[in-house]
């Protein structure tokens, strides 16, 4: 089994080196695909320096303009060669130590897709009440339209059999990629599992990027990709 780790990146100069180090330390045969989405804080220069230390299994791609997380993931999908693909955010909110439990349902032949669950079973930082309620609302609506029973649709840790991911025709550029991925794997009939993960959420002062506008965009994406795409 070969693992592909996709890391979309935008303005993460304070965390990208440690994230890459932690991902590289997980004990699997792997490739790491980095996609910098036109960072302007010095992240690009850090990546150009770091990639030489990992050049045998790390590939680096740059967007010339900021297009969003979804666009970065779509760029990476064009280059994956692994059997299983995991999406890893470039901040420190998600811990690569959780890879074994995320991969287990796929490796044992039970699942095609695995979602992390930030709020049931794993340690998580206590933060924003309205973010949590917004996540519950979006997850509930997505479940109603897909007939799933997910508890954390917006989670960043999503793992796929590569063949399943490559069958999806993704269109979202920004954070609408999370509901789009969810709706489309449901429509494809994929076997979906959830497993608890640790979650070290950031505050806005620490670099968190999700806002209420992204919540509205996610709402639109759920309806769009379930009923009109």
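How about the range 183-229: which of its residues are at pLDDT below 85, part of a loop (DSSP other than H, G, I, E, B) and out of contact with any strand residue (DSSP E or B) (no Cβ under 8 Å at 6 or more places or on another chain)?
202, 203, 204, 205, 206, 207, 208, 209, 210, 211, 229
Could you tell me whether the range 59-66 includes any residue that is out of contact with any strand residue (DSSP E or B) (no Cβ under 6 Å at 6 or more places or on another chain) and surrounded by 17 or more Cβ atoms within 10 Å (Cβ to Cβ)?
Yes, the range 59-66 contains at least one residue that is out of contact with any strand residue (DSSP E or B) (no Cβ under 6 Å at 6 or more places or on another chain) and surrounded by 17 or more Cβ atoms within 10 Å (Cβ to Cβ).
Each row is one residue, and each column tells you yes or no for (1) part of a helix (DSSP H, G or I); (2) out of contact with any helix residue (DSSP H, G or I) (no Cβ under 6 Å at 6 or more places or on another chain); (3) in contact (Cβ under 8 Å) with a residue 40 or more places away in the chain.
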| residue | (1), (2), (3) |
| --- | --- |
| 21 | yes, yes, no |
| 33 | no, no, yes |
| 44 | yes, yes, no |
| 48 | yes, yes, no |
| 51 | yes, yes, no |
| 59 | no, yes, no |
| 66 | no, yes, yes |
| 74 | yes, yes, yes |
| 79 | no, yes, yes |
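Can you pull out every residue in the range 148-163 that is under 17 Å from residue 104 (Cα atoms) and surrounded by 18 or more Cβ atoms within 10 Å (Cβ to Cβ)?
Passing the criteria: 157, 158, 159, 160, 161.
List the number of the failed condition for residue 105; all other conditions in (1) out of contact with any helix residue (DSSP H, G or I) (no Cβ under 7 Å at 6 or more places or on another chain); (2) surrounded by 21 or more Cβ atoms within 10 Å (Cβ to Cβ); (3) within 26 Å of residue 196 (Cα to Cα); (4) modelled with pLDDT of 95 or more hold.
The failed condition is (2).
How many residues does the range 81-93 contain that are under 26 Å from residue 167 (Cα atoms) and in a loop (DSSP other than H, G, I, E, B)?
Matching residues across the range 81-93 total 6.
For (1) within 20 Å of the chain's Cα centre (by Cα); (2) at pLDDT 95 or above, each residue gets a yes or a no:
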position: 2; (1), (2): yes, yes
position: 9; (1), (2): yes, yes
position: 14; (1), (2): yes, no
position: 19; (1), (2): yes, yes
position: 35; (1), (2): yes, yes
position: 38; (1), (2): yes, yes
position: 43; (1), (2): yes, yes
position: 49; (1), (2): no, no
position: 52; (1), (2): no, no
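Is it true that some residue in the range 137-156 is under 12 Å from the mean Cα position of the chain (by Cα) and at pLDDT 90 or above?
Scanning the range 137-156 turns up at least one residue that is under 12 Å from the mean Cα position of the chain (by Cα) and at pLDDT 90 or above.
Based on what the data block shows, is residue 26 crowded, with 20+ Cβ neighbours inside 10 Å, closer than 22 Å to residue 164 by Cβ and touching a helix residue (DSSP H, G or I) at 6+ places or on another chain (Cβ under 6 Å)?
For residue 26, the condition - crowded, with 20+ Cβ neighbours inside 10 Å, closer than 22 Å to residue 164 by Cβ and touching a helix residue (DSSP H, G or I) at 6+ places or on another chain (Cβ under 6 Å) - is not met.
Take the conditions without any contact (Cβ under 8 Å) to a residue 60 or more places away in the chain and part of a strand (DSSP E or B) and apply them to residue 6. Does it pass?
The answer is no for residue 6.
Looking at (1) part of a helix (DSSP H, G or I); (2) touching a helix residue (DSSP H, G or I) at 6+ places or on another chain (Cβ under 9 Å), which is the only condition residue 98 fails?
Failing condition for residue 98: (2).
The values are calculated or read from the model by the stated rules, or taken from the named source; none is laboratory data. The structure presented is a predicted model; accordingly, all values stated were derived computationally and were not measured. In this analysis, Cβ positions are derived from the backbone assuming ideal geometry, glycine residues included, and neighbour counts consider all displayed protein chains.
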